Amino acid sequence: MKDFIAGLPKCELHLHIEGTLEPELKFELAARNGLELPYATVEEMRAAYTFDSLSSFLTIYYEGMRVLRTEPDFYDLAMAYLRRAAEQNVRYAEIFFDPQAHTSRGVPFDVVIRGLRRALLDAHAQLGVRAQLIMCFLRDFQAEYAMATLLESLPYKEWIVGVGLDSDEKGNPPAKFAAVYERARQEGYLLTMHCDVDQDDAIEHIRQAVEEIGVDRIDHGVNILEDQRLVEVVLARGTGLTCCPVSNGYVTDSMKAEGIRKLMDLGVRVTVNSDDPAYFAAYVQENIEALHDALQLSREELARLQRNAFEITWLPRHVKDAYL
Ligand code: HPA
Ligand code: ZN
């Protein structure tokens with residue numbers, strides 16, 4: 001089945017580009033930018049990747065991205081991911097980036113987006129892998145800062161397909177960003193947001209995302225199973241869920257494989273993704289393999305997960321159809 005999974009044309013929709021920063025590249029960028037790292041070796045750095053919650057992961061994630069300073073740094077980061085993706089037969093990716101994680105440390109917005117954009121163009125031309133960018137707001141910062149970031153993005157609107165919401169969910173519900181999301185919709189952006197697994201008030205957050213914000217997609221969202229009514233709403237709308245089994249295993253007590261299975265059986269458009277592969281040691285293929293090991297999925301089910309993913313992409317219908 002490993003070969004079958006390897007051969008499947010894949011689509012990745014929940015991938016934080018800053019979460020693809022491998023230790024080797026971190027050392028290279030630190031040297032390039034004259035920065036010291038608190039680890040002597042790649043092995044020492046990897047050994048420090050011990051998370052047991054979303055917040056313990058986020059501390060190391062933000063600390064790690066300090067080495068990203070210049071346009072070529074962002075280019076190299078995205079190119080490295082897209083090369084790995086192409087090797088795993090990923091044909092299309094929608095890639096999150098966290099501009100505020102960079103602008104808040106003095107790196108200009110345009111440096112970030114120009115580097116990422118150039119990599120996307122080169123990867124399409126050189127590797128045949130297509131990708132689009134989703135701009136995420138950091139939910140533990142104020143809504144006003146998210147709004148300012150949204151306005152700052154407008155000159156680059158053609159390079160960004162939609163907006164998302166990530167970072168620490170505790171005490172930062174979707175409703176905090178209602179005005180930002182309303183403006184984003186008016187500007188033509190598509191809408192998604194994280195409803196991380198097993199968070200406090202998980203169901204209320206999913207309800208707000210679906211009913212108050214009206215998201216086009218939900219990132220994670222497995223807890224929706226706790227509310228039959230909300231399951232029916234996403235079924236009726238065809239709303240997709242971007243699940244990340246290996247990531248779940250790091251930040252909660254399990255991969256939530258049974259929940260993913262249940263969602264599949266109910267007909268919800270669930271997909272399998274890697275989230276932050278450099279930190280969770282699993283790219284999309286390893287995520288699919290891990291889920292298969294837990295659930296013994298059939299070939300039809302494995303193929304269906306990829307069909308779900310292509311179906312819920314934010315590509316124009318005719319482009320989407322060419323993948324299906
Ligand atoms: N959840 C919230 N914030 C994040 C994540 C995640 O899975 N990955 C990177 N930032
Ligand atoms: Zn995520």
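Considering only residues that are touching a strand residue (DSSP E or B) at 6+ places or on another chain (Cβ under 7 Å) and either more than 20 Å from HIS16 (Cα to Cα) or aromatic (Phe, Trp, Tyr) (or both), look in segment 246-263 and name the one that is farthest from ligand 2 (Cβ to nearest atom).
Checked segment 246-263; the qualifying residue farthest from ligand 2 (Cβ to nearest atom) is LEU263.
If ASN287 passes every condition in (1) closer than 30 Å to VAL180 by Cα; (2) buried (at least 20 other Cβ atoms within 10 Å of the Cβ); (3) touching a strand residue (DSSP E or B) at 6+ places or on another chain (Cβ under 6 Å); (4) of a type outside the set (Phe, Trp, Tyr) but one, which one does it miss?
Evaluating ASN287 over (1) closer than 30 Å to VAL180 by Cα; (2) buried (at least 20 other Cβ atoms within 10 Å of the Cβ); (3) touching a strand residue (DSSP E or B) at 6+ places or on another chain (Cβ under 6 Å); (4) of a type outside the set (Phe, Trp, Tyr) leaves (1) as the failure.
Only one residue in THR41, THR59, THR20 is surrounded by fewer than 18 Cβ atoms within 10 Å (Cβ to Cβ), within 16 Å of ligand 2 (Cβ to nearest atom) and either under 21 Å from CYS244 (Cα atoms) or free of Cβ contacts under 8 Å to residues at least 40 places away in the same chain (or both), so which one is that?
Only one candidate qualifies: THR59.
Filtering segment 142-156 down to residues that are farther than 19 Å from ILE17 by Cβ and not hydrophobic (A, V, I, L, M, F, W, C), which residue is farthest from ligand 1 (Cβ to nearest atom)?
Only one residue fits best here, namely PRO155.
Take residues that are of a type in the set (Ser, Thr, Tyr) and tell me which of the helices (runs of 4 or more DSSP H) falling wholly in segment 250-322 contain 1 or more.
277-280
Could you tell me whether LEU165 is touching a strand residue (DSSP E or B) at 6+ places or on another chain (Cβ under 8 Å) and not basic (Lys, Arg)?
It is true that LEU165 is touching a strand residue (DSSP E or B) at 6+ places or on another chain (Cβ under 8 Å) and not basic (Lys, Arg).
Taking ALA146 as the residue in question, decide whether it is closer than 23 Å to HIS194 by Cβ, buried (at least 20 other Cβ atoms within 10 Å of the Cβ) and more than 17 Å from the chain's Cα centre (by Cα).
So ALA146 fits the description; yes.
Quick one: how many residues across segment 264-284 are within 11 Å of ligand 2 (Cβ to nearest atom) and among the polar types (S, T, N, Q)?
2
In this structure, does ALA131 turn out to be modelled with pLDDT of 95 or more and closer than 30 Å to GLU87 by Cβ?
yes
Could you tell me how many of the residues in segment 182-198 are assigned to a loop (DSSP other than H, G, I, E, B), within 12 Å of ligand 1 (Cβ to nearest atom) and of a type outside the set (D, E, K, R)?
So the count comes out to 1.
Tell me, yes or no, whether segment 39-53 has at least one residue that is touching a Ser or Thr at 6+ places or on another chain (Cβ under 9 Å), among the hydroxyl-bearing types (Ser, Thr, Tyr) and within 16 Å of ligand 1 (Cβ to nearest atom).
The answer is yes, given that some residue of segment 39-53 is touching a Ser or Thr at 6+ places or on another chain (Cβ under 9 Å), among the hydroxyl-bearing types (Ser, Thr, Tyr) and within 16 Å of ligand 1 (Cβ to nearest atom).
Taking VAL215 and the conditions (1) closer than 26 Å to LEU263 by Cβ; (2) part of a helix (DSSP H, G or I), which numbered condition does it fall short on, given that it satisfies the others?
(2)
Please state which of the following conditions LEU35 fails to meet, knowing it meets all the rest: (1) among the hydrophobic types (A, V, I, L, M, F, W, C); (2) within 16 Å of ligand 2 (Cβ to nearest atom); (3) farther than 21 Å from ASP275 by Cβ.
The failed condition is (2).
Can you name every residue in segment 237-249 that is surrounded by fewer than 24 Cβ atoms within 10 Å (Cβ to Cβ) and in a loop (DSSP other than H, G, I, E, B)?
Within segment 237-249, GLY238, THR239 meet the criteria.
Matching residues to (1) within 16 Å of ligand 1 (Cβ to nearest atom); (2) buried (at least 19 other Cβ atoms within 10 Å of the Cβ); (3) on the phi > 0 side of the Ramachandran plot:
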{"site": "GLN100", "(1), (2), (3)": "yes, yes, no"}
{"site": "SER104", "(1), (2), (3)": "yes, no, no"}
{"site": "GLY128", "(1), (2), (3)": "no, no, yes"}
{"site": "ILE134", "(1), (2), (3)": "yes, yes, no"}
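The values are calculated or read from the model by the stated rules, or taken from the named source; none is laboratory data. Just so it is clear, the model here is predicted, and its values are computed rather than measured. Methodologically, a virtual Cβ is constructed for each residue, glycine included, from the backbone with ideal geometry; neighbour enumeration extends over all protein chains shown.
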